[in-house]
Amino acid sequence: MRRRFENEARVVAALDHPNVVAAFDVGRTPDGAPFVVYELLAGQELEARLVERGALDVDEAIELCRGIAAGLAAAHAHGWCTAT
């Protein structure tokens with residue numbers, strides 16, 4: 001499990017795409033716990049947005065899904081998304 005965590009973190013760190021959060025570092029703490037340092041993003045978590053204002057309207061949902069699909073497409077283009 002730890003190896004998978006570290007491999008996925010390295011993959012994300014190597015992927016440069018506006019729809020994928022940047023990972024700046026991956027490693028282990030002195031006591032051996034794995035960590036990843038991600039960029040800090042401004043904005044609101046989707047769950048908080050849904051609680052605050054309710055369901056997304058169709059245009060918002062489509063735009064969100066397009067961004068997710070673009071990030072996944074970039075990962076697939078680099079051969080990084082495979083079935084396990």
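Each value in this text was obtained by applying a stated rule to the coordinates, not by laboratory testing. Only a predicted model underlies this, so the values are computations on that prediction, with no experimental measurement involved. Counting neighbours? That spans all protein chains shown, and the Cβs are built from the backbone with ideal geometry, glycine included.
Brief remarks follow.
- The chain: angle of helix 2-14 to the longest principal axis, Cα-based, in degrees nearest 10: 60
- Charge-dipole axis of the chain as Lys and Arg at +1 and Asp and Glu at -1 on Cβ define it, positive-most pick from A33, A22, C65: A33
- Equivalent ellipsoid dimensions for the chain as semi-axes, Å, which come from the Cα gyration tensor, largest first: 28, 18, 11
- Gap separating the Cα centres of the range 9-27 and the range 35-84, nearest whole Å: 14
- Simple Cβ-charge dipole of the chain, Lys/Arg +1 and Asp/Glu -1, about Cα centre, in debye nearest 20: 460
- MRE, 222 nm, helices only [DSSP H, n ≥ 4, -39500 (n - 2.57), over the chain, to nearest 500]: -15500 deg cm²/dmol
- Note on L40 and L72: the extension gain reaches 9.5 nm, defined as 0.36 nm multiplied by sequence separation minus the Cα-Cα distance.
- Length released on extending from T29 to R10, taking residue separation times 0.36 nm less the Cα-Cα span: 5.2 nm
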